[in-house]
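The values are calculated or read from the model by the stated rules, or taken from the named source; none is laboratory data. Everything numeric in this text was worked out from a predicted model, so none of it was measured. Virtual Cβ from ideal backbone geometry, glycine too; neighbours counted across all protein chains shown. Just the protein is used for accessible areas: all its heavy atoms, side chains included, with ligands, DNA and RNA removed. Shrake-Rupley method; radii C 1.70, N 1.55, O 1.52, S 1.80 Å.
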Amino acid sequence: MKTTRAVLLLFAFLVPFAAFAEDDAAALSQQALQAYAKRQFAESADLFARAIAAGANDIGTLYNAACSNALAGRTDAAFDLLHRAIAAGYSEASHIISDHDLDSLHASPKWPLMLAEVEAVQAKRDRVWNSPAFRTPYAPQLSEDERVAGLSRLWAEAKFNFAYFDHIPDVDWDALYVSYLPRVRAVASTTEYYKVLLQFYAQLKDGHTGVTPPVEVRRQLFGEPALRVADIEGHYVVSAVYDPALGITKGTELVAIDGIPARQYAAERIAPWQTASTPQDLAARTVGALLYGAESSNVELTLLDAQGNRITKNVRRLTREEEQAVTPAVEPFEYRLLPGNIAYVALNEFGDDKAADAYIAHFDEIAKSDGLIFDVRRNGGGNSSVGYRVLSTLTSKPFLTSKWSTRDYKPTFRAWGRGEEVYAEPAGQVPPDGTRLYTKPVVVLTGARTYSAAEDFGVAFDAMKRGRIVGEPTGGSTGQPLPFRLPGGGSARVCTKRDTYPDGKAFVGVGIQPQLLVSPKLADFRAGKDTVLDAAVALLRK
């Protein structure tokens, strides 16, 4: 199966059936991808050959055609297509090595020659776009030149690649950069430097754009105690406790941190460093980082229990290793049958195929239910195609996914005084499963932590008109980040891609809006009830 990057290529070139009559190459490419999805690799390879002959000579088509040919046992054709893709600019050597579609080619004497070819292309590209000059190692204090270079790279990558400057019309990016130069020159440590960089990129207000400090700095900034906090009805509430020795009860309200009122602490010490696309995204990120601080440091919590008793606790922030040991893993897939013969399926992450594979494995049992609830409230994203596999079982017809666009900057046009253009692709289209079909009512649960590929899932579901969305608006952020390195061992990414509903309706910067708006209730939470899930169950029972 193609890994994430190849799947992104895959779906980038899908087009609606309505366009087939106008574009034979696109129609043939679409048919080839559908044959690939059905594992009809020889047919897919033949269709790709016809598409390429009709003019589809882009990198994605050439690469996907190579995959189909390799899977069909057509080794020579696969190598020829890979060479053509490399000549056209494909340079992802690591992806070629890890792509299992190409496993059959590894034994050929042509394989190391082809790898050398793509690595040479990648090295040439890296000299321009990913120079090791920015990959300086961590030091407690970086040189002034390194600090200025890092800020400058953040500024430049956003200036030429960021997709959403229209979302921040009042920000003068160049002026902001100039204003931050004295700040990075003045910092006394690499930790303080990265705090400045985090705040700089937070001004772009995009959840797929941000700075990742080096691990040494993360240990100074991102340690947290063995508990979690949620924002419910305007109250910061302890939502999970991983160490009973803390003596803190789930459902207790957090009213102050280190003697500062919790809301004030959040606004002043946490929110300014969060890169968020919407108010609900910012609120979710802020509460998620509320107790961050240096590993092994203590934080004083002032708590209020359900009876109104005030409690003060001094708790220790864990090291990364300690946190990994006590924090339970989140399973990608959860399933249970609710009263009334309603199937509950939690799809908690799309980082790999596990959620879709488990759903397919349970499908025969799920199909016996009278209603189905998909819960993506905790799903922060991953690979969009994982969610599309699940959705393909809800319909007998092809369904549309997001449409997308990106900036099309041409330096010569700028010199001529012409404005920047936009490159756009039509909405993608995914075929139905063809083997499995669920026809009963369906509900999807969303919240502010529904993000990225999980929002792509929500958009496609909403556009299908297959059921209702219940809960709270999603985080409102998806896209294709461009990663790059920073001095001192850190990195960053900037969002390069704009996604919308198939009809062009915006959800980035807004969030997918549920048809039935339901928020958690504090009394329900303390009683062990799920307000949003209960509302969905009631809806399906009507």
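Observations on the structure shown:
- Among the residues of segment 161-209, those that are touching a Cys at 6+ places or on another chain (Cβ under 6 Å) and under 27 Å from GLU295 (Cα atoms) comprise HIS208, THR209.
- Number of the exception - GLY428 against (1) modelled with pLDDT of 95 or more; (2) open to solvent by less than 70 Å² (accessible area, probe 1.4 Å): (1)
- Residues of segment 187-203 that are of a type in the set (Ser, Thr, Tyr) and either open to solvent by less than 20 Å² (accessible area, probe 1.4 Å) or part of a helix (DSSP H, G or I) (or both): THR190, THR191, TYR193, TYR194, TYR201.
- For beta carbons closer than 9 Å, sequence separation of 6+ or different chains, a first residue in segment 241-261 that is over 18 Å from ASP524 (Cα atoms) and a second that is among the aliphatic types (A, V, I, L, M) and open to solvent by 50 Å² or more (accessible area, probe 1.4 Å), the qualifying pairs are TYR242/VAL326; ASP243/VAL326; GLY247/ILE311; ILE248/ILE311.
- The single residue among ALA294, ALA262, ALA289 that is within 26 Å of ASP530 (Cα to Cα) and either touching a Leu at 6+ places or on another chain (Cβ under 8 Å) or acidic (Asp, Glu) (or both) turns out to be ALA262.
- Filtered residue count, segment 351-374, keeping only those that are hydroxyl-bearing (Ser, Thr, Tyr) and within 14 Å of VAL386 (Cβ to Cβ): 1
The rows are residues; the columns are (1) touching a Cys at 6+ places or on another chain (Cβ under 6 Å); (2) surrounded by 14 or more Cβ atoms within 10 Å (Cβ to Cβ); (3) within 25 Å of ALA453 (Cβ to Cβ); (4) of a type in the set (Gly, Ala, Ser).
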{"residue": "ILE260", "(1), (2), (3), (4)": "no, yes, no, no"}
{"residue": "TYR265", "(1), (2), (3), (4)": "no, yes, no, no"}
{"residue": "THR275", "(1), (2), (3), (4)": "no, yes, yes, no"}
{"residue": "ALA283", "(1), (2), (3), (4)": "no, yes, yes, yes"}
{"residue": "THR302", "(1), (2), (3), (4)": "no, yes, no, no"}
{"residue": "LEU337", "(1), (2), (3), (4)": "no, no, no, no"}
{"residue": "ASP352", "(1), (2), (3), (4)": "no, yes, yes, no"}
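Per-residue answers, yes or no, for (1) modelled with pLDDT under 95; (2) charged (D, E, K, R); (3) farther than 25 Å from ARG185 by Cβ; (4) surrounded by fewer than 18 Cβ atoms within 10 Å (Cβ to Cβ):
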| position | (1), (2), (3), (4) |
| --- | --- |
| ALA70 | no, no, yes, no |
| SER94 | yes, no, yes, yes |
| PRO109 | no, no, yes, yes |
| ARG127 | yes, yes, yes, yes |
| PRO132 | yes, no, no, yes |
| ASP145 | no, yes, no, yes |
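- Unmet criterion (only one of (1) in contact with a Phe, Trp or Tyr (Cβ under 6 Å, 6 or more places away or on another chain); (2) part of a loop (DSSP other than H, G, I, E, B); (3) buried (at least 16 other Cβ atoms within 10 Å of the Cβ)) for ARG436: (3)
- Scanning segment 487-542 for residues being part of a loop (DSSP other than H, G, I, E, B), within 29 Å of LEU154 (Cα to Cα) and open to solvent by 40 Å² or more (accessible area, probe 1.4 Å) gives a total of 3.
- Matching residues, segment 157-186, being open to solvent by 20 Å² or more (accessible area, probe 1.4 Å), part of a loop (DSSP other than H, G, I, E, B) and either of a type in the set (A, V, I, L, M) or closer than 18 Å to GLY489 by Cα (or both): VAL171
- Counting only strands (runs of 3 or more DSSP E) that sit wholly inside segment 211-290, those with at least 1 residues that are of a type in the set (A, V, I, L, M, F, W, C) and closer than 29 Å to VAL196 by Cβ are 227-232, 253-257.
For (1) at pLDDT 95 or above; (2) in contact with an Asp or Glu (Cβ under 8 Å, 6 or more places away or on another chain); (3) more than 24 Å from LEU221 (Cα to Cα); (4) among the hydrophobic types (A, V, I, L, M, F, W, C), each residue gets a yes or a no:
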position	(1), (2), (3), (4)
ARG153	yes, no, no, no
ASN161	yes, no, yes, no
TYR164	yes, yes, yes, no
HIS167	yes, yes, yes, no
TRP173	yes, no, yes, yes
LEU181	yes, no, no, yes
ALA188	yes, no, no, yes
TYR193	yes, no, no, no
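- Note on segment 511-524: residues that are more than 26 Å from VAL229 (Cβ to Cβ) and of a type in the set (A, V, I, L, M, F, W, C) amount to 1.
- Pairs meeting the criteria (first residue in segment 457-483 and assigned to a strand (DSSP E or B), second residue surrounded by 24 or more Cβ atoms within 10 Å (Cβ to Cβ) and hydroxyl-bearing (Ser, Thr, Tyr), beta carbons under 9 Å, at least 6 apart or on different chains) are ILE469/THR446; VAL470/THR446; GLY471/THR446; GLY471/THR450; PRO481/THR209.
- Any hit, segment 409-425, residues being within 23 Å of the chain's Cα centre (by Cα), of a type in the set (Gly, Ala, Ser) and in a loop (DSSP other than H, G, I, E, B): no
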